[in-house]
Amino acid sequence: MKNVAVLLAEGFEEIEALTVVDVLRRAKINCDLISIDKEKVVGAHNIVVEADKLINDDIDNYDMLVFPGGLLGAENLSKNLKVIETIRKFDKLQDKFIAAICASPAMVLTAAGIEEDRYITSYPGDEFENLLKKSNYVDELVVVDGNLITSRGPATSLLFAYKIVDVLGGDSNSLKKGMLWDRLEDEK
């Protein structure tokens with residue numbers, strides 16, 4: 001079974017973090033909330049979430065790292081040396097994955113220096129797109145480039161989570177049906 005670490009820092013975007021955790025757990029993929037600082041973490045909208053664990057050397061045992069956005073959360077993640085070191089390690093290994101949404105592709109992935117020549121999307125706007133000048137920026141909802149998955153923001157959280165399930169070998173189609181996503185697609 002694959003193991004996923006969703007990293008939390010003060011100011012994280014709640015919908016992006018918790019949607020991923022919810023969907024992965026429905027898919028029977030082990031998913032832990034890992035705080036970079038303290039057990040209880042306050043999100044961007046003042047929702048307090050209790051982490052399953054604090055970041056430590058066991059982080060290397062996970063198969064995927066997920067970085068929710070939220071401007072302050074992404075900034076805090078990008079300044080954490082353990083986070084940056086772990087991203088760089090994961091990026092060099094073919095069996096490890098990195099997923100980032102909203103502000104995190106621009107802020108966290110560039111802080112780790114893994115964006116160059118990669119196909120990446122992020123929250124739209126010059127502030128973020130300028131940080132990704134060395135990447136092949138793509139204006140799409142979810143983008144996969146090798147072991148890297150990126151997405152736009154809060155509204156794309158479910159699509160992002162479903163893509164993570166698929167990349168890890170799960171079946172997002174049955175989840176989509178059970179969660180009524182298929183009905184949304186029928187409305188188009």
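What the table shows:
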quantity: Complete set of residues in the stretch 1-43 that are among the small types (Gly, Ala, Ser) and either surrounded by fewer than 19 Cβ atoms within 10 Å (Cβ to Cβ) or on the phi > 0 side of the Ramachandran plot (or both); calculated: Gly11
quantity: Residue match in the stretch 132-141 (condition: touching a Pro at 6+ places or on another chain (Cβ under 9 Å), farther than 22 Å from Asp58 by Cα and surrounded by 14 or more Cβ atoms within 10 Å (Cβ to Cβ)); calculated: yes
quantity: Candidates Tyr119, Tyr123, Tyr62, filtered to the one that is within 22 Å of Lys163 (Cβ to Cβ) and surrounded by fewer than 19 Cβ atoms within 10 Å (Cβ to Cβ); calculated: Tyr119
quantity: Among (1) without any contact (Cβ under 8 Å) to a residue 40 or more places away in the chain; (2) touching a strand residue (DSSP E or B) at 6+ places or on another chain (Cβ under 7 Å); (3) crowded, with 16+ Cβ neighbours inside 10 Å; (4) polar (S, T, N, Q) - the single one Thr110 does not satisfy; calculated: (2)
quantity: Checking Arg88 against (1) part of a strand (DSSP E or B); (2) more than 24 Å from Leu159 (Cβ to Cβ), the condition it does not meet; calculated: (1)
quantity: Spans of strands (runs of 3 or more DSSP E) in the stretch 1-59 with at least 1 residues in contact with a Cys (Cβ under 6 Å, 6 or more places away or on another chain); calculated: 3-8
quantity: Neighbours by Cβ (under 8 Å, 6+ apart or cross-chain): first from the stretch 172-186, surrounded by 13 or more Cβ atoms within 10 Å (Cβ to Cβ); second of a type in the set (Gly, Ala, Ser) and not in a helix (DSSP H, G or I); calculated: Ser172/Ala27; Leu175/Ala27
quantity: Residues located in the stretch 9-41, provided they are in contact (Cβ under 8 Å) with a residue 40 or more places away in the chain, hydroxyl-bearing (Ser, Thr, Tyr) and within 17 Å of Leu77 (Cβ to Cβ); calculated: none
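Laboratory data are not the source of any read-out in this text; all were calculated from the coordinates shown. Because the structure is predicted, anything quoted here is derived from the model rather than measured. Cβ coordinates were reconstructed from backbone atoms using ideal geometry, including for glycine residues, and neighbour counts include every protein chain displayed.
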